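**Q** Got a structure for you, questions after.
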Amino acid sequence: MTMLCLGEHHAFEAADQRYLYLVPSAAVFALDAPAGALIDALGDQPVDRAELIARVSPEFPAMDLDALLTELEQIHAVRPAAEPVPEMPAIIPLTPVESFPLTTAVLNVTNQCNLSCGYCYEYSEDKIVDTTNGAQPKFMTDETARKSIDLLFRESGEVEVVHVSFFGGETLMNYPVLSRAVPYAKAQAEAHGKRVEFNLTTNATLLTTKMIEFLAQEDISVTVSVDGPRDMQNRFRVFHDGSGSYDVMLPRVRELLQRHRSRPIGARVTLTSQVNDILGIYQHLTEEIGFQEVGFAPVTTSPGRDHALDGSGFDQMVTQFKALADEFLRAALAGQHHGFSNVSETLGEIHKGVSKAYPCGAGLGLIGVATGGDVALCHRFAGSDEHNLGSVTEGLDREAQQAFLERNHIAHKTDCHTCWARPLCSGGCYHEAHTRYGTTTHPNLHYCDWIREWTDICLRIYGEIAERSPRFLNRFDS
């Protein structure tokens, strides 16, 4: 007698089609009528294989239900009840960390900023690094930038395309160094037989026509940190004297959008308890200003701050995310572009079957470089001694890197073990966890409900597109 039970999954429906999101393989499986009947007949209790087939066979007498059941077992939608519940993936390193190539170096070219944003994780009460009196210099030098790029190429292995990101503080406060780093990186790419791509994050208040021309000519992707209409932008994104930045930013952004057309110019919005009109912000940034892509992220902060989102704030955020995601779906089915990047990024991961042991590439394929050349997990930890992974002069500290990856593997996050959304979440952002709980190893439990709801929304959108306009998904193949 072979007793069977359901494998770990999340069920959803889209376009009148039943689906299973299979955990932990992260596969999306469409159920036809016979497969659905087998799943329904199995229910919550183990059933003998022969009995299960007998229950369904009157409805589908001509079907080879035994073969279909074997297929369901092969994809782990159904499993033998005698087997223990599958454990979490084995803790890495399965291979030495040297085998994981670097793909991205984020150069924090300055830790200074011309704004004084009230919620900023780098300068507010939640900051990790002392950017005023700390050991790191205020500006990265040409030599450190070149050594950062050299390290990236030296550790990139067989990767054909590498990425150099410029970050701050306010990145453009050190425009001279980044403008010289770009041709140097291009020359190194040619020497190594690779291609290099660039991106830059800025608040746009220091943009000049000369800078815009450089960004356009060098085909540099640009993300502008902006929070929406004047009243929302000026709520937190202010200069040191307290004056708002909207009227300074706006003409510069419009010039950037007019001149730089080779790549979509994206906006990145920080959501707080006071800045939360997602639909209004999106409409303003896309229709009134002209951004092609807009992404939203809840503020990273300790829970007691006035600007922190609480449970009701997250609920409101998900409700508005869903409304904007429905707009995305309508546009996709009509063959039109929609710039809600939170949806497109999640759909891309679903389409590729992403199943993460880590929430991101920080400390693995991505590093952040502080102004003085210290290497950290990512740009948010740049300059933090606690999260140091070496330096651009001495190279990567492989022991520290390996220890971090072992310590932060999802297998150690017991709260995540039974969560069906873990393939796409893996516990959430390290920096968010450090700010909320004091350690990178803690899962972001305050995020769990909205992450699951958001993942379900995106799965349904994926299913709708797969049924009604499957060619749209081809854009996620690359």
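The values are calculated or read from the model by the stated rules, or taken from the named source; none is laboratory data. Everything numeric in this text was worked out from a predicted model, so none of it was measured. When we count neighbours, we look across all protein chains shown, and the Cβ atoms used for this are built from the backbone with ideal geometry, even at glycine.
**Q** Of (1) under 24 Å from the mean Cα position of the chain (by Cα); (2) closer than 21 Å to residue 115 by Cβ; (3) surrounded by fewer than 17 Cβ atoms within 10 Å (Cβ to Cβ), residue 195 satisfies all except one. Which?
**A** Against the list (1) under 24 Å from the mean Cα position of the chain (by Cα); (2) closer than 21 Å to residue 115 by Cβ; (3) surrounded by fewer than 17 Cβ atoms within 10 Å (Cβ to Cβ), residue 195 comes up short only on (2).
Residue-by-condition table, conditions (1) closer than 16 Å to residue 442 by Cα; (2) surrounded by fewer than 16 Cβ atoms within 10 Å (Cβ to Cβ):
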residue	(1), (2)
375	no, no
387	yes, no
395	no, yes
407	yes, yes
410	yes, no
413	yes, no
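**Q** Quickly run through segment 255-294 and pick out the residues that are touching a Ser or Thr at 6+ places or on another chain (Cβ under 7 Å) and touching a residue at least 60 places away in the same chain (Cβ under 8 Å).
**A** 266, 268 - these are the residues of segment 255-294 that are touching a Ser or Thr at 6+ places or on another chain (Cβ under 7 Å) and touching a residue at least 60 places away in the same chain (Cβ under 8 Å).
**Q** If you don't mind, another one. Suppose we filter segment 333-389 for residues that are more than 21 Å from residue 408 (Cα to Cα) and in a loop (DSSP other than H, G, I, E, B); how many remain?
**A** Residues in segment 333-389 being more than 21 Å from residue 408 (Cα to Cα) and in a loop (DSSP other than H, G, I, E, B): 11 in total.
**Q** A further question follows. Pairs only if they're at least six apart or on different chains, beta carbon under 7 angstrom, first in segment 64-75 and part of a loop (DSSP other than H, G, I, E, B), second not aromatic (Phe, Trp, Tyr); list them, first residue then second.
**A** From segment 64-75, the pairs are 75/22; 75/27.
**Q** Among the residues of segment 50-63, what is the count of those that are assigned to a loop (DSSP other than H, G, I, E, B) and within 20 Å of residue 20 (Cα to Cα)?
**A** Here the count works out to 0.
**Q** Another question about this same structure. Can you find even one residue in segment 328-347 that is buried (at least 19 other Cβ atoms within 10 Å of the Cβ) and on the phi > 0 side of the Ramachandran plot?
**A** No, the conditions are met nowhere in segment 328-347.
Here is a yes/no grid of residues against (1) farther than 17 Å from residue 454 by Cβ; (2) buried (at least 19 other Cβ atoms within 10 Å of the Cβ):
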position: 250; (1), (2): yes, no
position: 256; (1), (2): yes, yes
position: 262; (1), (2): yes, no
position: 266; (1), (2): yes, yes
position: 277; (1), (2): yes, no
position: 284; (1), (2): yes, yes
position: 302; (1), (2): yes, no
position: 311; (1), (2): no, no
position: 321; (1), (2): no, yes
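**Q** Would you confirm, using the coordinates I've provided, whether residue 216 is under 24 Å from the mean Cα position of the chain (by Cα) and in contact (Cβ under 8 Å) with a residue 40 or more places away in the chain?
**A** On the way: under 24 Å from the mean Cα position of the chain (by Cα): no; in contact (Cβ under 8 Å) with a residue 40 or more places away in the chain: yes.
Against the criterion (under 24 Å from the mean Cα position of the chain (by Cα) and in contact (Cβ under 8 Å) with a residue 40 or more places away in the chain), residue 216 does not qualify.
**Q** Within segment 185-207, work out how many residues are touching a residue at least 60 places away in the same chain (Cβ under 8 Å) and in a strand (DSSP E or B).
**A** 1
**Q** When you scan segment 310-321, how many residues do you find that are closer than 18 Å to residue 342 by Cα and assigned to a loop (DSSP other than H, G, I, E, B)? Lay out the reasoning, then the answer.
**A** Keep residues of segment 310-321 that are closer than 18 Å to residue 342 by Cα, which gives 313-321.
Cutting the leftovers down to assigned to a loop (DSSP other than H, G, I, E, B) gives us none.
Summing the residues that are closer than 18 Å to residue 342 by Cα and assigned to a loop (DSSP other than H, G, I, E, B) in segment 310-321 gives 0.
**Q** What number of residues in segment 95-133 are assigned to a loop (DSSP other than H, G, I, E, B), at pLDDT 75 or above and within 19 Å of residue 170 (Cβ to Cβ)?
**A** So the count comes out to 11.
**Q** Let me ask something else about it. Given the structure, is residue 399 touching a residue at least 24 places away in the same chain (Cβ under 8 Å), in a helix (DSSP H, G or I) and under 28 Å from residue 156 (Cβ atoms)? Walk me through how you get there before you give the answer.
**A** Working: touching a residue at least 24 places away in the same chain (Cβ under 8 Å): no; in a helix (DSSP H, G or I): yes; under 28 Å from residue 156 (Cβ atoms): yes.
For residue 399, the condition - touching a residue at least 24 places away in the same chain (Cβ under 8 Å), in a helix (DSSP H, G or I) and under 28 Å from residue 156 (Cβ atoms) - is not met.
**Q** How many residues does segment 299-335 hold that are at pLDDT 95 or above and either farther than 17 Å from residue 456 by Cα or in contact with a Cys (Cβ under 6 Å, 6 or more places away or on another chain) (or both)?
**A** Residues that pass the stated criteria total 5.
**Q** Here is a check on your reading of the model: is residue 160 surrounded by 16 or more Cβ atoms within 10 Å (Cβ to Cβ), modelled with pLDDT of 95 or more and of a type in the set (Asp, Glu)?
**A** For residue 160, the condition - surrounded by 16 or more Cβ atoms within 10 Å (Cβ to Cβ), modelled with pLDDT of 95 or more and of a type in the set (Asp, Glu) - is not met.
**Q** Residues 393, 455, 418: which one is modelled with pLDDT of 95 or more and assigned to a loop (DSSP other than H, G, I, E, B)?
**A** 393
**Q** Name the single residue that is surrounded by the most Cβ atoms within 10 Å (Cβ to Cβ) among those in segment 216-241 being in contact with a strand residue (DSSP E or B) (Cβ under 6 Å, 6 or more places away or on another chain) and under 19 Å from residue 264 (Cα atoms).
**A** Out of the qualifying residues, it is 226.
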